[in-house]
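I have placed the structure first, in the form of structure tokens, so that the comments after it can refer back to it.
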Amino acid sequence: MITRWIHRKGHDRLLIFFNGWGMDGRVADFLQAGTPESFSRDVLLCYDYHSTVIPRDVLDRIAGYRERTLVAWSLGVWAAYEAGLEGIDRALAINGTLTPVSREEGIPPEIFRATLDNYTEKSRERFMRRMCGSSAFFERFLEIAPKRTVSDQKEELASILQNVMQAKSGVSRSWRYTHAFIGKRDTIFPAKAQEYAWRGLEPLVAEDMPHFPFFAFSSWPEVCACMEK
């Protein structure tokens, strides 16, 4: 896993952002650019789930904060839960679940496998268009699209699938997701599967939101506000 400090000014509250599969830091930079200086949290980005392990020194720094809030999107929802984090006070899952390869609570296994097996430059563009939900959003997304190769993204997805299949069930965690946000127009993680997965949380639902959610927000405070509703 790659971690990068997006904003680090010595605040005693931390926001940890787990990006989706295949991403890099550009989405986080986009949200940070719209965030006012008055936002009194440091921000840590996590992405690239070839491994779900956060470096020990980063975990030690995380432990030093008085308050830890987590926001995770897509496959980052699963990755965050596997990362060895402790002491998370609030956690928001956006368009993702803890069982990402699942017919009932995630992406159907045959679709996940087909995405991996057939991932090419051409299929990546098709995937991003589906993720964005419209041509207009796709054109906007291209301005902040990840600068990663197809082969690197495919290797990451293969690692995720392997780790999901090998995961031990019933492993306890010291924290749970406290909030979920579901886009009804999500064609990657089906909305019905998300609703079933988060049936105990009374999730927020956005009728017009596709899988990529961040054009509905312009800053970290707007994302965090989802945990105050």
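No lab work stands behind these numbers, since they all come straight from the coordinates. Because the structure is a prediction, the values reported are computed rather than measured. Here Cβ is always computed from backbone atoms with ideal geometry, including for glycine, and neighbour counts include all displayed protein chains.
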Could you tell me the calculated FRET efficiency between S123 and E86, based on Cβ-Cβ distance and R0 = 41 angstrom, to the nearest 0.05? 0.60
Given charges at beta-carbon only (K, R positive; D, E negative), |dipole| of region 2-227 in Debye: 100
Most packed first (mean Cβ within 10 Å per residue), the peptides 157-165, 209-217 order as 209-217, 157-165
Between region 1-66 and region 69-102, the Cα center-to-center distance that results, in Å: 14
On a 25 Å Cα-Cα criterion, which of the cross-link pairs K184/K229; K9/K147; K122/K147; K122/K154 come out too long? K9/K147
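Sorted by average packing, counted as other Cβ atoms within 10 angstrom per residue and highest first, what order do 187-194, 59-66 take?
In descending order of packing, they fall as 187-194, 59-66.
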Provide the percentage of antiparallel DSSP beta bridges, counting only those with both residues in region 2-227; round to the nearest 5. 20
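Quick one: compute the contact order of region 177-229, relative version, from alpha carbon pairs under 8 angstrom and 6+ residues apart, as a percent. Please report the intermediate quantities before stating the final value.
Values: 60 pairs, mean separation 22.3, N = 53.
It rounds to 42 percent for region 177-229.
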Taking a ≥ b ≥ c as the square roots of the eigenvalues of the Cα gyration tensor, with a/c under 1.5 meaning rounded and otherwise prolate when a/b exceeds b/c and oblate if not, the chain is rounded
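Within 10 Å, count the other beta carbons around each residue, average over each peptide in 2-13, 73-84, and list them highest first.
Values: 2-13: 13.7, 73-84: 24.8.
Answer by packing, highest mean first, reads 73-84, 2-13.
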